[in-house]
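Q: Dropping the structure in here first, questions after.
The values are calculated or read from the model by the stated rules, or taken from the named source; none is laboratory data. Because the structure is a prediction, the values reported are computed rather than measured. Ideal geometry is used to build each Cβ from the backbone, glycine not excepted, and the neighbour counts take in all protein chains shown. In case anyone asks, the SASA skips ligands and DNA or RNA and just uses the protein heavy atoms, side chains included. Shrake-Rupley method; radii C 1.70, N 1.55, O 1.52, S 1.80 Å.
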Amino acid sequence: MKNYLSVKDINSLPNWIDEAIKIKKNPTKDKELGKGKTIVLLFFNNSLRTRLSTQKAAMNLGMDVIVMNFGSEGWTLEYEDGTVMDKGKSEHIKEAAKVVSQYSDVIGIRAFAELKDKQQDEAELVINGFIKYATVPILNMESSVGHPLQALADAITLSEQNTKPKPKVVLSWAPHPKALPHAVANSFVEMMQLQDMEFIITHPKGYELNTKITKNTIIEHDQNKALQNADFVYVKNWSSYQDYGKIINLDKNWTMTLDKLGSAKFMHCLPARRNMVVVDAVLDSNQSLVIEQANNRTYAAQIVLKKILESL
Ligand code: CP
(Lines give C-alpha, C1' and ligand atoms only; values in the text may rest on other atoms or scores of the structure.)
Protein backbone atom coordinates (compact mmCIF):
# COMPACT_ATOMS: atom_id res chain seq x y z
CA MET A 1 0.00 0.00 0.00
CA LYS A 2 1.51 3.32 -1.08
CA ASN A 3 -0.51 5.71 1.11
CA TYR A 4 -3.26 5.49 3.74
CA LEU A 5 -5.41 8.53 3.01
CA SER A 6 -9.00 7.35 3.49
CA VAL A 7 -10.92 4.23 4.50
CA LYS A 8 -11.18 3.51 0.77
CA ASP A 9 -7.51 2.45 0.92
CA ILE A 10 -8.53 -0.61 2.98
CA ASN A 11 -8.62 -3.50 0.51
CA SER A 12 -10.35 -5.99 2.82
CA LEU A 13 -11.89 -4.59 6.00
CA PRO A 14 -12.73 -7.98 7.63
CA ASN A 15 -9.13 -9.17 7.09
CA TRP A 16 -7.66 -5.96 8.45
CA ILE A 17 -9.89 -6.11 11.55
CA ASP A 18 -9.00 -9.77 12.18
CA GLU A 19 -5.32 -8.99 11.74
CA ALA A 20 -5.52 -5.95 14.06
CA ILE A 21 -7.18 -8.07 16.76
CA LYS A 22 -4.38 -10.64 16.42
CA ILE A 23 -1.76 -7.86 16.65
CA LYS A 24 -3.47 -6.63 19.83
CA LYS A 25 -2.78 -10.02 21.47
CA ASN A 26 0.92 -9.87 20.57
CA PRO A 27 1.79 -6.28 19.59
CA THR A 28 5.53 -6.74 19.11
CA LYS A 29 5.40 -9.90 16.95
CA ASP A 30 6.45 -7.91 13.84
CA LYS A 31 9.24 -6.03 15.62
CA GLU A 32 11.73 -6.88 12.83
CA LEU A 33 9.54 -5.49 10.02
CA GLY A 34 10.25 -1.84 10.75
CA LYS A 35 13.86 -2.21 11.87
CA GLY A 36 16.03 0.47 10.27
CA LYS A 37 12.95 2.38 9.04
CA THR A 38 11.92 5.82 10.24
CA ILE A 39 8.48 7.42 10.42
CA VAL A 40 8.25 11.21 10.64
CA LEU A 41 5.00 12.49 12.15
CA LEU A 42 4.20 16.11 11.29
CA PHE A 43 1.51 17.76 13.40
CA PHE A 44 0.02 20.98 12.08
CA ASN A 45 -2.59 20.71 14.88
CA ASN A 46 -2.86 19.44 18.45
CA SER A 47 -3.23 15.78 19.35
CA LEU A 48 -3.10 13.34 22.22
CA ARG A 49 -4.33 9.97 20.92
CA THR A 50 -3.11 10.17 17.32
CA ARG A 51 0.34 11.27 18.32
CA LEU A 52 0.90 8.68 21.03
CA SER A 53 -0.90 5.72 19.42
CA THR A 54 0.84 6.17 16.05
CA GLN A 55 4.18 6.49 17.82
CA LYS A 56 3.41 3.37 19.88
CA ALA A 57 2.34 1.44 16.77
CA ALA A 58 5.54 2.39 14.95
CA MET A 59 7.67 1.40 17.96
CA ASN A 60 5.82 -1.96 18.19
CA LEU A 61 6.95 -2.53 14.59
CA GLY A 62 10.54 -1.66 15.46
CA MET A 63 10.52 1.70 13.63
CA ASP A 64 12.33 4.84 14.71
CA VAL A 65 9.97 7.77 15.22
CA ILE A 66 10.54 11.50 14.74
CA VAL A 67 7.71 13.81 15.78
CA MET A 68 7.51 17.48 14.87
CA ASN A 69 4.85 20.00 15.86
CA PHE A 70 5.06 21.61 12.44
CA GLY A 71 2.19 24.03 13.10
CA SER A 72 4.10 25.76 15.90
CA GLU A 73 7.73 24.88 15.12
CA GLY A 74 8.03 24.57 11.33
CA TRP A 75 8.37 27.25 8.68
CA THR A 76 5.09 28.53 7.24
CA LEU A 77 4.57 26.70 3.96
CA GLU A 78 3.60 28.03 0.53
CA TYR A 79 1.48 25.67 -1.58
CA GLU A 80 0.89 27.64 -4.78
CA ASP A 81 3.13 27.30 -7.80
CA GLY A 82 4.79 30.35 -9.26
CA THR A 83 4.06 32.62 -6.29
CA VAL A 84 6.37 35.48 -5.45
CA MET A 85 7.02 34.60 -1.83
CA ASP A 86 7.27 38.17 -0.55
CA LYS A 87 4.73 37.80 2.28
CA GLY A 88 4.54 35.53 5.35
CA LYS A 89 5.31 32.13 3.79
CA SER A 90 8.92 31.00 4.30
CA GLU A 91 9.28 27.66 2.51
CA HIS A 92 7.60 26.00 -0.47
CA ILE A 93 5.95 22.59 -0.05
CA LYS A 94 8.11 21.36 -2.99
CA GLU A 95 11.31 21.62 -0.97
CA ALA A 96 9.75 20.80 2.42
CA ALA A 97 8.17 17.50 1.25
CA LYS A 98 11.33 16.41 -0.58
CA VAL A 99 13.54 17.30 2.40
CA VAL A 100 11.35 15.44 4.94
CA SER A 101 11.31 12.43 2.58
CA GLN A 102 15.10 12.15 2.92
CA TYR A 103 14.77 11.65 6.67
CA SER A 104 11.89 9.18 6.54
CA ASP A 105 10.45 5.98 5.09
CA VAL A 106 6.86 7.03 5.92
CA ILE A 107 5.44 10.49 6.65
CA GLY A 108 2.36 10.99 8.84
CA ILE A 109 0.48 14.27 8.45
CA ARG A 110 -2.15 15.90 10.65
CA ALA A 111 -3.65 19.04 9.11
CA PHE A 112 -7.20 19.99 10.09
CA ALA A 113 -9.75 21.96 8.12
CA GLU A 114 -9.51 25.66 8.92
CA LEU A 115 -13.29 25.97 8.41
CA LYS A 116 -13.01 29.36 6.71
CA ASP A 117 -13.11 28.39 3.05
CA LYS A 118 -14.77 25.11 2.02
CA GLN A 119 -13.04 24.96 -1.37
CA GLN A 120 -9.64 25.53 0.17
CA ASP A 121 -10.22 22.92 2.90
CA GLU A 122 -11.46 20.37 0.37
CA ALA A 123 -8.36 20.99 -1.75
CA GLU A 124 -6.39 19.42 1.16
CA LEU A 125 -3.36 21.58 0.40
CA VAL A 126 -1.11 20.14 3.10
CA ILE A 127 -1.66 16.42 2.64
CA ASN A 128 -2.01 16.68 -1.15
CA GLY A 129 1.16 18.78 -1.27
CA PHE A 130 3.04 16.04 0.56
CA ILE A 131 1.49 13.35 -1.65
CA LYS A 132 2.59 15.28 -4.74
CA TYR A 133 6.16 16.07 -3.75
CA ALA A 134 7.18 13.50 -1.10
CA THR A 135 8.97 10.37 -2.27
CA VAL A 136 7.73 8.10 0.54
CA PRO A 137 4.26 6.85 1.59
CA ILE A 138 1.91 9.27 3.35
CA LEU A 139 -0.27 8.43 6.34
CA ASN A 140 -3.35 10.58 7.02
CA MET A 141 -3.45 11.36 10.74
CA GLU A 142 -6.57 13.56 10.17
CA SER A 143 -6.91 15.86 7.26
CA SER A 144 -9.58 18.44 6.40
CA VAL A 145 -12.12 15.86 5.29
CA GLY A 146 -11.13 12.54 6.84
CA HIS A 147 -9.75 10.73 9.88
CA PRO A 148 -9.32 7.18 8.58
CA LEU A 149 -7.13 5.96 11.47
CA GLN A 150 -9.92 6.86 13.89
CA ALA A 151 -12.52 5.17 11.69
CA LEU A 152 -10.45 1.99 11.53
CA ALA A 153 -10.06 1.96 15.34
CA ASP A 154 -13.85 2.44 15.58
CA ALA A 155 -14.46 -0.49 13.22
CA ILE A 156 -12.14 -2.70 15.31
CA THR A 157 -14.00 -1.65 18.48
CA LEU A 158 -17.40 -2.32 16.92
CA SER A 159 -16.25 -5.72 15.74
CA GLU A 160 -14.98 -6.66 19.21
CA GLN A 161 -18.12 -5.45 20.99
CA ASN A 162 -20.86 -6.49 18.58
CA THR A 163 -22.93 -9.56 19.33
CA LYS A 164 -25.59 -9.27 16.59
CA PRO A 165 -25.59 -10.23 12.89
CA LYS A 166 -26.75 -6.72 11.90
CA PRO A 167 -26.44 -4.21 14.76
CA LYS A 168 -28.06 -0.77 14.71
CA VAL A 169 -25.47 2.02 14.79
CA VAL A 170 -26.47 5.67 15.18
CA LEU A 171 -24.20 8.64 14.52
CA SER A 172 -25.62 11.46 16.62
CA TRP A 173 -24.60 15.12 16.40
CA ALA A 174 -24.02 16.88 19.76
CA PRO A 175 -23.60 20.53 20.77
CA HIS A 176 -20.10 21.99 21.20
CA PRO A 177 -18.96 25.55 21.95
CA LYS A 178 -16.28 25.53 19.23
CA ALA A 179 -16.72 25.00 15.49
CA LEU A 180 -15.31 21.56 14.71
CA PRO A 181 -14.38 19.93 11.38
CA HIS A 182 -16.32 17.14 9.65
CA ALA A 183 -13.40 14.71 9.31
CA VAL A 184 -14.30 12.20 12.06
CA ALA A 185 -17.97 12.07 11.07
CA ASN A 186 -17.10 11.75 7.36
CA SER A 187 -14.74 8.81 7.88
CA PHE A 188 -17.12 7.10 10.31
CA VAL A 189 -19.92 7.36 7.72
CA GLU A 190 -17.64 5.93 5.02
CA MET A 191 -16.58 3.13 7.36
CA MET A 192 -20.21 2.25 8.13
CA GLN A 193 -20.96 2.14 4.41
CA LEU A 194 -18.34 -0.61 4.06
CA GLN A 195 -20.20 -2.84 6.52
CA ASP A 196 -23.54 -4.61 6.74
CA MET A 197 -25.03 -2.64 9.63
CA GLU A 198 -28.27 -0.70 10.14
CA PHE A 199 -26.83 2.80 10.12
CA ILE A 200 -28.62 6.10 10.77
CA ILE A 201 -27.31 9.65 11.14
CA THR A 202 -29.21 12.06 13.37
CA HIS A 203 -28.61 15.81 13.62
CA PRO A 204 -30.57 19.06 13.79
CA LYS A 205 -31.61 20.54 10.43
CA GLY A 206 -28.76 22.56 8.95
CA TYR A 207 -26.06 20.10 10.02
CA GLU A 208 -26.24 17.90 6.92
CA LEU A 209 -22.82 16.47 6.10
CA ASN A 210 -21.49 16.49 2.54
CA THR A 211 -24.05 14.47 0.54
CA LYS A 212 -21.21 13.12 -1.63
CA ILE A 213 -20.14 11.27 1.54
CA THR A 214 -23.50 10.44 3.15
CA LYS A 215 -24.94 9.27 -0.23
CA ASN A 216 -28.13 7.33 0.57
CA THR A 217 -27.52 6.89 4.32
CA ILE A 218 -30.74 7.45 6.31
CA ILE A 219 -30.86 10.83 8.07
CA GLU A 220 -33.39 11.32 10.88
CA HIS A 221 -33.80 14.77 12.45
CA ASP A 222 -35.69 13.41 15.48
CA GLN A 223 -32.88 12.19 17.73
CA ASN A 224 -35.13 10.15 20.03
CA LYS A 225 -36.65 8.34 17.06
CA ALA A 226 -33.20 7.64 15.59
CA LEU A 227 -31.94 6.23 18.90
CA GLN A 228 -34.74 3.68 19.30
CA ASN A 229 -33.33 0.13 19.61
CA ALA A 230 -29.78 1.35 18.94
CA ASP A 231 -26.94 -1.03 19.78
CA PHE A 232 -24.15 1.53 19.36
CA VAL A 233 -24.41 5.32 19.55
CA TYR A 234 -21.47 7.29 18.17
CA VAL A 235 -21.68 10.89 19.33
CA LYS A 236 -19.78 13.67 17.60
CA ASN A 237 -20.07 17.39 17.03
CA TRP A 238 -19.43 18.99 13.68
CA SER A 239 -20.01 22.51 12.41
CA SER A 240 -22.40 23.29 9.57
CA TYR A 241 -21.25 22.08 6.16
CA GLN A 242 -23.72 24.17 4.16
CA ASP A 243 -23.15 27.38 6.16
CA TYR A 244 -19.54 26.32 6.16
CA GLY A 245 -17.79 26.16 9.54
CA LYS A 246 -20.59 27.95 11.43
CA ILE A 247 -22.25 26.95 14.71
CA ILE A 248 -25.95 27.26 14.03
CA ASN A 249 -27.28 25.35 17.04
CA LEU A 250 -26.05 24.82 20.61
CA ASP A 251 -29.20 22.99 21.73
CA LYS A 252 -28.28 20.96 24.80
CA ASN A 253 -31.32 18.75 24.20
CA TRP A 254 -28.92 16.95 21.83
CA THR A 255 -26.40 16.20 24.62
CA MET A 256 -26.15 12.42 25.12
CA THR A 257 -27.69 11.21 28.40
CA LEU A 258 -28.19 7.76 29.92
CA ASP A 259 -31.94 8.01 29.24
CA LYS A 260 -31.38 8.59 25.54
CA LEU A 261 -28.63 5.99 25.29
CA GLY A 262 -30.86 3.24 26.74
CA SER A 263 -28.99 -0.05 26.63
CA ALA A 264 -26.73 0.98 23.71
CA LYS A 265 -22.96 1.25 23.92
CA PHE A 266 -21.56 4.79 23.75
CA MET A 267 -18.77 5.73 21.35
CA HIS A 268 -16.80 8.95 20.86
CA CYS A 269 -13.39 9.59 19.32
CA LEU A 270 -12.28 11.91 22.19
CA PRO A 271 -11.51 14.54 23.30
CA ALA A 272 -15.11 14.99 24.54
CA ARG A 273 -16.51 18.03 26.33
CA ARG A 274 -18.22 16.63 29.42
CA ASN A 275 -21.81 17.73 30.08
CA MET A 276 -21.91 19.46 26.71
CA VAL A 277 -21.43 16.63 24.20
CA VAL A 278 -22.19 13.86 26.71
CA VAL A 279 -23.07 13.80 30.40
CA ASP A 280 -20.67 12.45 33.05
CA ALA A 281 -22.99 9.53 33.81
CA VAL A 282 -22.57 8.16 30.26
CA LEU A 283 -18.81 8.65 30.01
CA ASP A 284 -18.33 7.12 33.46
CA SER A 285 -20.65 4.18 32.82
CA ASN A 286 -19.68 0.70 31.69
CA GLN A 287 -21.63 1.38 28.48
CA SER A 288 -18.89 3.77 27.37
CA LEU A 289 -16.34 2.37 24.88
CA VAL A 290 -14.24 5.53 24.58
CA ILE A 291 -11.15 4.18 26.36
CA GLU A 292 -11.26 0.99 24.28
CA GLN A 293 -11.62 3.06 21.08
CA ALA A 294 -8.53 5.05 22.10
CA ASN A 295 -6.69 1.80 22.85
CA ASN A 296 -7.58 0.46 19.41
CA ARG A 297 -6.00 3.53 17.81
CA THR A 298 -2.64 1.78 18.34
CA TYR A 299 -3.73 -1.41 16.53
CA ALA A 300 -5.42 0.55 13.74
CA ALA A 301 -2.19 2.49 13.16
CA GLN A 302 -0.15 -0.70 13.46
CA ILE A 303 -2.07 -2.65 10.84
CA VAL A 304 -1.84 0.34 8.46
CA LEU A 305 1.91 0.77 9.04
CA LYS A 306 2.42 -2.97 8.67
CA LYS A 307 0.71 -2.88 5.24
CA ILE A 308 2.83 0.12 4.21
CA LEU A 309 6.09 -1.47 5.43
CA GLU A 310 5.28 -4.73 3.63
CA SER A 311 4.95 -2.81 0.36
CA LEU A 312 8.21 -0.84 0.63
N1 CP B 1 -9.43 11.15 18.35
C2 CP B 1 -8.28 11.79 18.08
O3 CP B 1 -7.85 11.90 16.94
O4 CP B 1 -7.66 12.27 19.20
P5 CP B 1 -6.47 13.35 19.17
O6 CP B 1 -7.04 14.58 18.48
O7 CP B 1 -6.14 13.60 20.61
O8 CP B 1 -5.34 12.80 18.39
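Q: Percent of alpha carbon pairs in the range 117-266 separated by more than 29 Å? Each step should come with its number before you reach the end.
A: Working: 2050 of 11175 pairs.
Distances greater than 29 Å cover 18 percent of the Cα pairs.
Q: Can you list the aspartates and glutamates whose alpha carbon sits under 12 Å from that of K22, skipping same-chain ones fewer than 8 residues off?
A: Here the aspartates and glutamates satisfying the reach criterion relative to K22 are D30, E160.
Q: At a Cα cut-off below 27 Å, give the lysines reachable from K87, other chains included and same-chain residues fewer than 8 away excluded.
A: K98, K116, K118, K132
Q: Let me ask something additional. Using the Cβ atoms and a cut-off under 14 Å, what net charge is assigned to the surroundings of I109, where Lys and Arg are +1 and Asp and Glu are -1? List each step's numbers first, then the result.
A: Values: positive: R51, R110, K132; negative: E124, E142.
Within the 14 Å Cβ shell, the charges total +1.
Q: Go through K166/K306; K205/K236; K25/K265 and tell me which ones have a Cα-Cα distance over 21 Å in this structure.
A: Values: K166/K306 30 Å; K205/K236 15 Å; K25/K265 23 Å.
Too far apart for the 21 Å limit: K166/K306; K25/K265.
Q: Between I21 and T211, what FRET efficiency comes out of the Förster formula 1/(1 + (r/R0)^6) with R0 = 35 Å and r the beta carbon distance, rounded to 0.05? Before the final figure, lay out the partial values.
A: Numbers: r = 34 Å, r/R0 = 0.96.
So, using R0 = 35 Å, E works out to roughly 0.55.
Q: Using the Cβ atoms and a cut-off under 13 Å, what net charge is assigned to the surroundings of V282, where Lys and Arg are +1 and Asp and Glu are -1? Intermediate values should be presented prior to the final figure.
A: Details: positive: K260, K265, R273, R274; negative: D259, D280, D284.
Around V282, the charge tally is +1.
Q: Which whole-number value in Å² is the accessible area per residue of the chain, probe 1.4 Å? Don't jump to the answer; show the numbers that get you there.
A: Values: 14090 Å² over 312 residues.
Per-residue value: 45 Å².
Q: Which peptide among 210-216, 303-309, 235-241, 84-90 comes first, and what is the full order, when sorted by highest mean count of other Cβ atoms within 10 Å?
A: 303-309, 235-241, 210-216, 84-90
Q: Rg to Rh for the range 201-312: what is it, with Cα atoms only and Rh by Kirkwood? Can you show the working numbers first?
A: Values: Rg = 16.3 Å, Rh = 15.9 Å.
That ratio is 1.03, to two decimals.
Q: Another question, then. Could you order the peptides 250-257, 132-139 from most to least packed, using the average number of other C-beta atoms within 10 Å per residue? Before the final figure, lay out the partial values.
A: Numbers: 250-257: 15.5, 132-139: 20.0.
Descending packing order for the listed peptides: 132-139, 250-257.
Q: If you roll a 1.4 Å probe over the chain with all protein chains in place, what percent of the accessible area is carbon or sulfur? Before the final figure, lay out the partial values.
A: Details: 6800 of 14090 Å².
So the carbon and sulfur contribution to the accessible surface is 48 percent.
Q: A further question follows. Return the single residue from N295, N249, N15 with maximal mean-square fluctuation; model: Gaussian network over the chain, springs between Cα atoms under 10 Å.
A: In the Gaussian network model the winner is N15.
Q: Continuing with this model, one more query. If amide H atoms are built 1.01 Å from N in the plane of the peptide, which residues on other chains or at least 5 residues away come under 5 Å of the amide H of G108?
A: V40, L41, L42, L139
Q: What translational D, rounded to a whole number of µm²/s, comes out for the range 30-139 from Stokes-Einstein when the hydrodynamic radius is the Kirkwood one over Cα pairs, at 37 °C and 0.692 mPa s?
A: Working: Rh = 14.8 Å.
Diffusion coefficient, whole number: 222 µm²/s.
Q: With no solvent and one equal point scatterer per Cα, compute the Debye intensity ratio I(q)/I(0) for the chain at 0.07, 0.15 Å⁻¹ and report its log10, rounded to two decimals.
A: At q = 0.07, 0.15 Å⁻¹ the computed log10 ratios are -0.27, -1.21.
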